[in-house]
Amino acid sequence: MDAVLGSACERDRKKLTFLQLENLTKRFDGTLAVDDLSLTIERGEMLALLGPSGSGKTTTLRLLAGFEVPDRGRVVVEGEDVTRVEPVARRFGMVFQHYALFPHLDVGQNLAFGLESLGVSGDELERRVARALTLVDMAGFERRRIGQLSGGQQQRVALARALAPEPRVLLLDEPLSNLDPSLRERTRREIRELIRRVGITTVLVTHEQDEAFDLGDRVAVLRGGRLEQVGTPEELYALPANEFVAAFVGRSSAIDVVVLGPGGRGSRVAVEGVEWDLTDTNDAPIGPALMVVRPEALRLMPPVPGALAGTVTARRFTGSSSLFTILTDGGASLEVTGPPRSVSAGERVGVMPSRRAGGGIHLFPSRTP
């Protein structure tokens, strides 16, 4: 019976899986750019590839698009192995970082160019151009020159051009990096609404966490070509798989501690001569550890017994609160969220875990022997 249920679950999983990256590996002149990367993406899902420069995000996207061929591994779409299929035959749409629009063609001609190369002509060509421009709220702009458009409008034309051939997968390579912050946020919202309305399976490359968290149904964190963790934004923030993800996703500080054993609903740790009972932390073995902590998981107080003593070195106003940087007496730097003007630079303070620190403190085995 268990075997039957297992087979049924496996069939259901395969049914949901639309796009698969299986053990993708790619080297350039001996440098490992993508290292045994495997991911599955469901139909209609948007997956964001997030990581620092050199993490393998863009190479992964190029392997998906067919601009690069992996040294090992496969790209599978709807059960079809497209690893060595030419880019144009994959039916993937792509929006490049710099849009790659033709300045000597008008908006309609830019969209028609790719369609004509696929053999689309006549009334069908006009229908697809009009439909794509309507999707991005650019109907009536067919005869407008590219140089007459704002940056946000050019971005929408690039998106319309990618959607016009009615692709089965949409690839976005840092699509908002050329926009100013206010326009970027508005355009990000427009893209999110459009993708969800169209329901197209999408892979986004970005180094901006806000962008990845806002657009991605799930986020895959890469480092050095390897997958560190994949999950919803909430999972990555509250349940990081390792020290790198904890430090890379969101704001955090790190400080050396010693895990003494269980305490409360988490662990009891010693940190710079004081002991804390942490709640809702991950299990950690007794001994030296690294504690990665979110600013909101700490609170400021006078330098009383049981608090970690330190000095305020900086304050950054963020609206309803401020972000304080505390240099502890032991030499660690901690970021703490507090009331906007509760303390000033140079003041002596104490730091304790917040009473609502759940999900904001993570313990990892020490990096030092």
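Taking each DSSP H run with n ≥ 4 as -39500 (n - 2.57) and averaging over every residue of the chain yields -8000 deg cm²/dmol at 222 nm. Among Pro181, Ile200, Val221, pick out the residue whose Cα is farthest towards the positive end of the charge dipole of segment 120-225, where Lys and Arg carry +1 and Asp and Glu carry -1 on C-beta, about the Cα centre. Looking along the dipole axis, the top candidate is Ile200.
How tilted is helix 2-16 with respect to the longest principal axis of the chain? Cα atoms for both, answer in degrees (0 to 90, nearest 10). The answer is roughly 60 degrees. Using a probe of 1.4 Å on the protein chains alone, the accessible area found for Ile200 is around 10 Å².
Each Lys and Arg adds +1 at its Cβ and each Asp and Glu adds -1 at its Cβ; summed about the Cα centre, segment 17-150 shows a dipole of about 280 debye.
Computed from Cα atoms, the angle from the helix 151-163 axis to the main principal axis of the chain rounds to 60 degrees. Each Lys or Arg adds one and each Asp or Glu takes one away; over the other residues whose Cβ falls under 15 Å from the Cβ of Leu115, this sums to -2.
May I ask you to list the residues of segment 192-226 whose amide nitrogen lies under 20 Å from a point 7 Å from Cα along the Cα→beta-carbon direction of Asp137? Under 20 Å, as judged by backbone N against the label point of Asp137, lie 192-200, 211, 214-216 of segment 192-226.
With both labels modelled 7 Å from their Cα along Cα-to-Cβ, the Leu32 to Ser182 distance reads 4.7 nm. If the chain linking Arg226 and Glu347 were pulled fully straight, counting 0.36 nm for each residue of separation and taking away their Cα-Cα distance, it would gain 39.2 nm.
Specify whether the C-alpha gyration tensor of segment 229-369 places it in the rounded, prolate or oblate class, a ≥ b ≥ c being the square roots of the eigenvalues: rounded for a/c under 1.5, otherwise prolate if a/b is larger than b/c and oblate if not. It is oblate, given that a/c is not under 1.5 and a/b is not larger than b/c. Ordered by solvent-accessible area of protein heavy atoms (1.4 Å probe), largest first, the residues Ser320, Ser182, Ser366, Ser253 come out as Ser320, Ser182, Ser366, Ser253.
Between the listed residues Val258, Ala307, Val95, the Cα displaced farthest toward the positive end of the dipole of the chain, a dipole computed from Cβ unit charges relative to the Cα centre, is found at Val95. Taking Cα centre as origin and charging only the Cβ of basic (Lys, Arg, +1) and acidic (Asp, Glu, -1) residues, the dipole magnitude of segment 179-330 rounds to 400 debye. Compared with the dominant Cα axis of the chain, that is its longest principal axis, helix 122-135 is turned about 20°.
Report the net charge of residues surrounding Val69, where surrounding means a beta-carbon distance below 12 angstrom and charges are Lys +1, Arg +1, Asp -1, Glu -1. It works out to a net charge of +3.
Can you classify the chain as rounded, prolate or oblate using the Cα gyration tensor, where a ≥ b ≥ c are the square roots of its eigenvalues, rounded means a/c under 1.5, and otherwise it's prolate if a/b beats b/c and oblate if not? Since a/c reaches 1.5 and a/b is larger than b/c, the shape of the chain is classed as prolate. What net charge is computed for the residues neighbouring Ser55, neighbours being all others with C-beta under 11 Å from the C-beta of Ser55, Lys and Arg scored +1, Asp and Glu -1? Result for the local shell: +1.
The values are calculated or read from the model by the stated rules, or taken from the named source; none is laboratory data. All values derive from a computational prediction rather than experimental measurement. Cβ atoms come from the backbone with ideal geometry, glycine included; neighbour counts cover every protein chain shown. The accessibility values were calculated without ligands, DNA or RNA, using every heavy atom of the protein model including side chains. Shrake-Rupley method; radii C 1.70, N 1.55, O 1.52, S 1.80 Å.
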